[in-house]
1. Considering only DSSP beta bridges with both partners in the chain, what is the antiparallel share in %, to the nearest 5?
2. Among 365-378, 341-354, 100-113, how do they line up by average Cβ neighbours within 10 Å per residue, starting with the highest?
3. Regarding the chain, what whole-number volume in Å³ per residue does the convex hull of its Cα atoms give?
4. Kirkwood Rh and Cα-based Rg: tell me the resulting Rg over Rh for the range 319-379, rounded to two decimals.
5. With a sphere of radius 11 Å drawn around the Cβ of Asp42, what net charge do the other residues whose Cβ falls strictly inside it have (Lys, Arg +1; Asp, Glu -1)?
6. Restricting to the range 1-125, what percent of DSSP beta bridges are antiparallel, rounded to 5?
7. Grab the DSSP H runs of the chain that are 4 residues or longer, score each as -39,500 (n - 2.57), total them, divide by all residues and round the 222 nm result to the nearest 500 deg cm²/dmol.
8. Considering only the other residues whose Cβ falls under 11 Å of the Cβ of Met414, what net charge follows from Lys and Arg at +1 and Asp and Glu at -1?
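The values are calculated or read from the model by the stated rules, or taken from the named source; none is laboratory data. Nothing here was measured: the structure is a model prediction, and the numbers come from that model. Note that we place each Cβ from the backbone using ideal geometry, even for glycine, and neighbour counts take in every protein chain shown. To get the accessible areas, we keep the full protein, side chains included, count just its heavy atoms, and leave off ligands, DNA and RNA. Shrake-Rupley method; radii C 1.70, N 1.55, O 1.52, S 1.80 Å.
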Amino acid sequence: MKTRKPAIAVIDVGKTNKKLFLFDQDYNIVYERSARFLETTDEDGDPCENLESLRLSVFDSLRSLFNKKDFEVKAINFSAYGASFVNIDEDGNPVTPLYNYLKSYPENLKNQFYNNYGGEEAFSLCTASPVLGSLNSGMQLYRLKYEKPQLFECIQYSLHLPQYLSYLISCKPCSDITSIGCHTNLWDFQKNDYHEWVYTEGISEKLAPVCSYDETTKAVFPGNNYLVGIGLHDSSAALIPYMVNFHEPFILLSTGTWSISLNPFNNTPLTTEELKQDCLSYLHYQGKPVKASRLFSGPEYEEWVKLIADHFNQDSIKYRNIRFNPEIVFGLKKNEQSEGNFLQRDLSSFSTDEEAYHRLMLDIVSQQARSTQLVLNGSPVKRLFVDGGFSRNAVYMNLLAMAFPTLEVYSASMAQATALGAALAIHTAWNKKPLSNTLIRLQYYSVAQTAML
């Protein structure tokens, strides 16, 4: 009889795609599947996650894995988007919808909260997050307490989404520091404990005990004898492969819809000015703060590329693999009047679409440099890793190297960083092999290389 190879499963739940991965002991992806669900609506008619579809999908995914003859699932872990609570009763059944973190927040309740707890500025400094309404997920529980007190009383545990997914398989309620510590308004970064309001308002009674990121428990869901991790917030999970592989200080610039600069080596407290510029801190998987800044550049890039393509009668696909042209860049920089706002550019002032595209990328990288500099200040960082969509853009990467001439700038690529991070978090619980140091592929960009092109 053929021996089945040990493997770990990871369920990665994004806002759009829900994915299942199976990794072997060398962390190669040996199986994957993806699903999308139609959203449902909450009691106010606002869109929200379909919890029942998600729950059934988790069970269906595991059943499909246990039928595989080549691999034996030794463990399972989870990663999911943050700022989202599943409120369950004593039988483990959800008593509220999974409210969307973009749901509008009542102004009267917001004012009541911040008036009672020191004002927006002082509170934000304590909790290391700007005022974000429902995106500060603790505010969702505050809202339930005052708008639906009877429903609030029915809640046995409020679990962040990654921990709810874990609960479905283990029946063990737990909280995780990566979910608690990411713009929730729950954590006081100065005291390294829940904020006083969490105790005063009785929210702490609804939160499950905090468990370590590498803690596992035996599964209750039928299958073979496998272990279950507690789940991780997706941004924190994506940082783990870098923390495991690189020990010299670095910044990770994760690009996509948002381009987020993450610095695990900046221990300086957030300032009021940084908060005003959309900086925040969150806690990574080992409970230490990560200073982060963000830039909404992905959708704007797509919109502007379409404008260039339409103006010059080109197919926008052309710009996916456009070569970096340093002569165009030097000419643009020599003649530029301002930098950073492509919307103010007159496309008819460019002689070619290639020139317009390089101008666009100069403006985007100028904005990105200012955003990344916010978390770079005061830290010993020498390396900048870029992953996601822009890491595959040669124009972007070369311009970024020019913007940070004192840093080593690398494009980084790996298979499914978030899912891989969730798997690595519980490596020692199931995998007897040592961790490989080749999980991440790097390509170096430098100012000297740019000059020689």
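1. 65 percent
2. Values: 365-378: 19.9, 341-354: 13.1, 100-113: 15.0.
In decreasing order of mean packing, 365-378, 341-354, 100-113 become 365-378, 100-113, 341-354.
3. Numbers: hull volume 73.9 nm³, N = 453.
Hull volume normalised by residue count: 163 Å³.
4. 1.03
5. Residues near Asp42 contribute -4 overall.
6. So the antiparallel bridges amount to about 65 percent of the total.
7. On the way: 17 runs with 162 residues, N = 453.
Result for the chain: -10500 deg cm²/dmol, rounded to the nearest 500.
8. Taking every other residue near Met414 into account, the sum is 0.
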